[in-house]
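Take a look at the structure set out below.
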Amino acid sequence: MGAPHGLWGLIPFVVLSLLVWVVWPDVQPEVTLAFAAYAATIVAFLGGVHWGLAMRADAPGPRAFRWAVVPPLLAWVGIVMPPHAGLALLGTALVVCYLVDRRLYVACGQAHWLTLRFRLSAVAAFSCFLGAAGI
């Protein structure tokens, strides 16, 4: 039996956050870019979840679609920032997305995902912050 949904997605967060601390300085920029790109991909994906939930709704309001654009924009900014600041922004974006989703998932009947979502978000955000501190 495999790991619960989503846990495999934490492997790059954990491994890359540790690699930032232990790789040779000449390799660190590539590791940091790979880390920020993966984190940004996940943050952007969280915005996509909102598109999916809004599209399922009988009468989605514009608010749902406006929020769905925010995570990809934050992800993009996180990639173009200096590495330590970008990873810190992406970690913060993961926390903010979770806080927004706590309300939305309940309203959409998806509250059963919140426990797993909290664990995934906590580890991913902590990894981003740890990686940012190692640069």
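The values are calculated or read from the model by the stated rules, or taken from the named source; none is laboratory data. The structure displayed is predicted, hence computed values, not measured ones. Using ideal geometry, Cβ is built from the backbone for each residue, glycine included, and neighbour counts are taken over all protein chains shown. Accessible surface areas use protein heavy atoms only, side chains included; no ligands, DNA or RNA. Shrake-Rupley method; radii C 1.70, N 1.55, O 1.52, S 1.80 Å.
When the residues of region 38-65 are filtered to those that are more than 15 Å from ARG103 (Cα to Cα) and small (Gly, Ala, Ser), which remaining residue is farthest from the chain's Cα centre (by Cα)? Looking at residues that are more than 15 Å from ARG103 (Cα to Cα) and small (Gly, Ala, Ser), I get ALA59.
Being under 22 Å from PHE126 (Cα atoms), in contact with a helix residue (DSSP H, G or I) (Cβ under 8 Å, 6 or more places away or on another chain) and hydrophobic (A, V, I, L, M, F, W, C) is the requirement here; does VAL20 meet it? Yes.
From THR115, THR41, grab the single residue that is open to solvent by 30 Å² or more (accessible area, probe 1.4 Å), without any contact (Cβ under 8 Å) to a residue 60 or more places away in the chain, hydroxyl-bearing (Ser, Thr, Tyr) and under 25 Å from VAL23 (Cβ atoms). Break it down into steps so the answer makes sense when it comes.
Working: THR115 fails: under 25 Å from VAL23 (Cβ atoms).
Step by step, each of THR115, THR41 is checked, and only THR41 is open to solvent by 30 Å² or more (accessible area, probe 1.4 Å), without any contact (Cβ under 8 Å) to a residue 60 or more places away in the chain, hydroxyl-bearing (Ser, Thr, Tyr) and under 25 Å from VAL23 (Cβ atoms).
Just one of the listed residues (ALA75, ALA68, ALA88, ALA93) is in contact with a His (Cβ under 6 Å, 6 or more places away or on another chain), in a helix (DSSP H, G or I) and either buried (at least 17 other Cβ atoms within 10 Å of the Cβ) or at pLDDT below 95 (or both), namely ALA68. Checked against (1) within 11 Å of the chain's Cα centre (by Cα); (2) loosely packed, with under 13 Cβ neighbours inside 10 Å, LEU120 passes all but condition (2). Taking SER127 as the residue in question, decide whether it is buried (at least 18 other Cβ atoms within 10 Å of the Cβ), touching a residue at least 60 places away in the same chain (Cβ under 8 Å), out of contact with any Pro (no Cβ under 6 Å at 6 or more places or on another chain) and of a type in the set (Gly, Ala, Ser). Spelling it out, SER127 is indeed buried (at least 18 other Cβ atoms within 10 Å of the Cβ), touching a residue at least 60 places away in the same chain (Cβ under 8 Å), out of contact with any Pro (no Cβ under 6 Å at 6 or more places or on another chain) and of a type in the set (Gly, Ala, Ser). Would you mind finding the one in LEU104, LEU99, LEU130, LEU114 that is within 14 Å of the chain's Cα centre (by Cα) and among the hydrophobic types (A, V, I, L, M, F, W, C)? Every option except LEU99 fails the conditions.
Answer yes or no as to whether PHE35 is in contact with a helix residue (DSSP H, G or I) (Cβ under 9 Å, 6 or more places away or on another chain) and open to solvent by 50 Å² or more (accessible area, probe 1.4 Å). No; evaluated as a whole, the condition is false for this residue.
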